[in-house]
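The values are calculated or read from the model by the stated rules, or taken from the named source; none is laboratory data. All values derive from a computational prediction rather than experimental measurement. Positions of Cβ are backbone-derived with ideal geometry, glycine not excepted, and every protein chain shown enters the neighbour counts. Note: areas computed on protein heavy atoms with side chains; ligands, DNA, RNA excluded. Shrake-Rupley method; radii C 1.70, N 1.55, O 1.52, S 1.80 Å.
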Amino acid sequence: MPATCVVGLQWGDEAKGKIVDILSDSHQFVVRFNGGANAGHTVVWGDRKFALSLLPTGVLKPHVTSVIGNGVVVFPPRFLEEVGKLRAGGVPVGGNLVVSDHAHVILPYHMEEERLAEAESEGKIGTTGRGIGPCYQDKVGRRYAIRVGELLHPNHLRERLKQIVPIKNRLLKAIGDSAKSFDADQLADEYLGYAEQIKPHVTDTTRLLHDALAADKSILFEAAQGSLLDVDHGTYPYVTSSSSLPSGIWGGSGVPSRCVTRIIGVIKAYTSRVGRGPCPTELTDDLGERIRTVGREFGTVTGRPRRVGWLDALTVKYTAALAGVDEVTVMLLDVLSGIPELKICVAYELDGQRIEHFPSDAYQLERCKPIYETLPGWTEDLTKCRKATDLPAAARRYVDRVGALVGKPVSVVSVGPDRDQTIHLK
Ligand code: GDP
Ligand code: IMO
Ligand code: MG
């Protein structure tokens with residue numbers, strides 16, 4: 001059974017959660033392979049709204065086995081809080097949620113390290129403050145990292161923390177005078193408490209997924225963040241610390257990339273970005289404010305207002321190629337209703353030259369000025385459209401133009417947060 005991947009083609013928050021939620025009906029496994037609780041996916045069904053951060057979106061469906069793969073960084077209290085909220089909301093979560101014993105654990109000193117580093121204006125990235133970067137640094141550095149599997153061995157965990165915490169305390173003091181200090185025994189007690197509750201979910205998820213492949217089960221990979229936040233190919237250093245492209249699947253889940261035969265690129269009909277870093281099409285005027293308000297563009301994780309702008313075809317062309325997408329979905333099209341003229345960036349002016357490729361060097365990108373193509377807008381409310389023929393001609397033209405610029409078929413147009421507000425195109 002071929003596997004599918006859903007990936008965002010911009011700077012995150014493209015509404016991947018909605019697409020994953022729809023596709024999870026027809027999949028048996030939904031897998032997160034990167035990031036952690038820096039992600040925020042909102043899923044709406046009628047009057048029910050779910051916000052997921054660390055847990056795979058598949059967890060809303062009892063028939064799905066939701067997998068937190070080895071490439072994810074896990075903050076145990078957040079895991080337990082999300083599970084608790086879902087259960088309180090009537091969503092059964094039990095053996096259908098599994099966590100890799102190889103996933104890495106976020107500890108409070110990771111968040112403290114991030115807080116201190118982000119307090120400096122120099123080098124500030126505008127992170128979510130969830131300890132993601134420092135935890136991945138420890139993972140790659142190996143000496144001070146703790147994996148989920150280690151939480152299940154009390155004596156070992158206590159010993160490890162006794163080695164690590166004094167070093168972390170010294171490091172934190174060196175980063176900032178206001179650094180908090182941590183106590184190894186206290187942390188061990190706290191994390192052993194979490195371990196008791198997480199234990200039933202911990203397993204070798206790589207083997208589980210290989211067994212699933214062998215048994216011809218359907219697997220859906222849910223990339224967190226967006227392609228432009230990928231640590232290798234995004235707008236470095238203003239990126240996250242993991243591989244958010246489908247290339248992260250192999251490393252972050254153990255499933256060979258060749259098993260993934262359908263890759264769906266999710267595009268917001270305009271651009272949004274949270275945190276620092278270049279965004280050539282950003283609108284800082286009243287129109288930007290209007291799009292932010294209508295699109296409810298405030299971060300799910302941090303509540304920060306998202307920066308918004310026109311759609312940038314150069315970015316999505318670049319990321320669609322990197323991600324190897326077969327098709328794209330155009331989301332939040334309804335937000336653009338009532339804007340007389342719509343712009344799509346089709347080239348940049350860089351140091352006086354017209355360029356038609358995306359410079360992945362953030363410092364070059366900062367100097368790029370967008371060159372736009374203008375399309376007519378529409379006045380109609382799209383939120384009740386359910387089929388392509390319900391869309392006004394100008395909206396249809398906008399979608400067709402996006403598909404043509406990316407060079408991939410548009411399979412879905414989304415006209416509202418609810419799963420019913422979805423148009424499937426042939
Ligand atoms: P993700 O991180 O990519 O899953 O996206 P987020 O959940 O962070 O942000 C997308 C937001 O847009 C969520 O609040 C969704 O409920 C909402 N949304 C999804 N599709 C649509 C749509 O077509 N129109 C509108 N207006 N909102 C949408
Ligand atoms: P979803 O999955 C949008 C951004 C942060 C910051 C940068 C680094 O909801 O699309 P980090 O905390 O990861 O070290 O922050 O990445 N960022 C996101 N922006 N959507 C996300 O996830 C994001 N995850 C991280 O705002 O600019
Ligand atoms: Mg999000």
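Scan segment 65-73 and tell me whether some residue there is away from ligand 2 (no atom under 15 Å from the Cβ), surrounded by fewer than 17 Cβ atoms within 10 Å (Cβ to Cβ) and outside the structural domain of ILE146 (by TED's automatic domain parsing). For segment 65-73, residues away from ligand 2 (no atom under 15 Å from the Cβ), surrounded by fewer than 17 Cβ atoms within 10 Å (Cβ to Cβ) and outside the structural domain of ILE146 (by TED's automatic domain parsing): absent. Among the numbered conditions (1) more than 26 Å from the chain's Cα centre (by Cα); (2) surrounded by fewer than 16 Cβ atoms within 10 Å (Cβ to Cβ), the only one that ARG304 does not meet is (1). Among the residues of segment 325-339, is any over 23 Å from GLY288 (Cβ atoms), touching a strand residue (DSSP E or B) at 6+ places or on another chain (Cβ under 9 Å) and of a type outside the set (Val, Ile, Thr)? Yes, segment 325-339 contains at least one residue that is over 23 Å from GLY288 (Cβ atoms), touching a strand residue (DSSP E or B) at 6+ places or on another chain (Cβ under 9 Å) and of a type outside the set (Val, Ile, Thr). Scanning segment 258-275 for residues that are open to solvent by 10 Å² or more (accessible area, probe 1.4 Å), outside any loop (DSSP other than H, G, I, E, B) and either in contact (Cβ under 8 Å) with a residue 24 or more places away in the chain or among the small types (Gly, Ala, Ser) (or both) gives CYS259, VAL260, THR261, ARG262, ILE263.
Using the structure shown, decide if PHE50 is free of Cβ contacts under 8 Å to residues at least 60 places away in the same chain, within 16 Å of ligand 1 (Cβ to nearest atom), under 30 Å from THR235 (Cβ atoms) and open to solvent by less than 30 Å² (accessible area, probe 1.4 Å). Criteria met by PHE50.
Looking across VAL325, VAL335, VAL330, VAL255, one residue alone is in the same structural domain as ARG396 (by TED's automatic domain parsing), open to solvent by less than 10 Å² (accessible area, probe 1.4 Å), in contact (Cβ under 8 Å) with a residue 60 or more places away in the chain and part of a loop (DSSP other than H, G, I, E, B). It is VAL325. Would you check if there is a residue in segment 199-214 being away from ligand 1 (no atom under 16 Å from the Cβ), in a loop (DSSP other than H, G, I, E, B), open to solvent by less than 40 Å² (accessible area, probe 1.4 Å) and over 24 Å from ALA51 (Cβ atoms)? Looking through segment 199-214, none of the residues is away from ligand 1 (no atom under 16 Å from the Cβ), in a loop (DSSP other than H, G, I, E, B), open to solvent by less than 40 Å² (accessible area, probe 1.4 Å) and over 24 Å from ALA51 (Cβ atoms).
Can you say whether SER272 is within 30 Å of THR206 (Cα to Cα), within 12 Å of ligand 2 (Cβ to nearest atom) and among the hydroxyl-bearing types (Ser, Thr, Tyr), as far as the supplied structure shows? For SER272, the condition - within 30 Å of THR206 (Cα to Cα), within 12 Å of ligand 2 (Cβ to nearest atom) and among the hydroxyl-bearing types (Ser, Thr, Tyr) - is not met. Taking segment 27-85 and the strands (runs of 3 or more DSSP E) fully enclosed by it, the elements with 2 or more residues that are out of contact with any helix residue (DSSP H, G or I) (no Cβ under 7 Å at 6 or more places or on another chain) are at 41-45, 48-52, 65-68.
Yes or no: GLY36 within 16 Å of ligand 1 (Cβ to nearest atom), under 20 Å from GLU190 (Cβ atoms) and modelled with pLDDT of 95 or more? Answer is yes for this residue. Considering segment 86-134, and only residues there that are among the basic types (Lys, Arg) and more than 16 Å from ligand 1 (Cβ to nearest atom), the residue that is modelled with the highest pLDDT turns out to be ARG115. Of the candidates LYS173, LYS124, the single residue that is open to solvent by 50 Å² or more (accessible area, probe 1.4 Å) and outside any helix (DSSP H, G or I) is LYS124. When you look at LEU187, is it outside the structural domain of ILE19 (by TED's automatic domain parsing), away from ligand 3 (no atom under 16 Å from the Cβ) and either outside any helix (DSSP H, G or I) or crowded, with 19+ Cβ neighbours inside 10 Å (or both), yes or no? So LEU187 passes the test. Among the residues of segment 368-391, those that are closer than 25 Å to ILE264 by Cβ and open to solvent by less than 20 Å² (accessible area, probe 1.4 Å) comprise LEU375, LEU382, CYS385, LEU391. Based on what the data block shows, is GLY295 within 16 Å of ligand 3 (Cβ to nearest atom) and either touching a Leu at 6+ places or on another chain (Cβ under 9 Å) or free of Cβ contacts under 8 Å to residues at least 12 places away in the same chain (or both)? For GLY295, the condition - within 16 Å of ligand 3 (Cβ to nearest atom) and either touching a Leu at 6+ places or on another chain (Cβ under 9 Å) or free of Cβ contacts under 8 Å to residues at least 12 places away in the same chain (or both) - is met.
May I ask you to list the residues in segment 393-426 that are open to solvent by 20 Å² or more (accessible area, probe 1.4 Å) and assigned to a loop (DSSP other than H, G, I, E, B)? Hits for segment 393-426 are GLY407, LYS408, PRO409, PRO417, ARG419, ASP420, GLN421, LEU425, LYS426.
Of the residues making up segment 2-26, those that are on the phi < 0 side of the Ramachandran plot and either out of contact with any strand residue (DSSP E or B) (no Cβ under 8 Å at 6 or more places or on another chain) or part of a loop (DSSP other than H, G, I, E, B) (or both) are PRO2, LEU9, GLN10, TRP11, GLU14, ASP25, SER26. What do you reckon, is GLY133 small (Gly, Ala, Ser) and surrounded by fewer than 22 Cβ atoms within 10 Å (Cβ to Cβ)? Criteria not met by GLY133.
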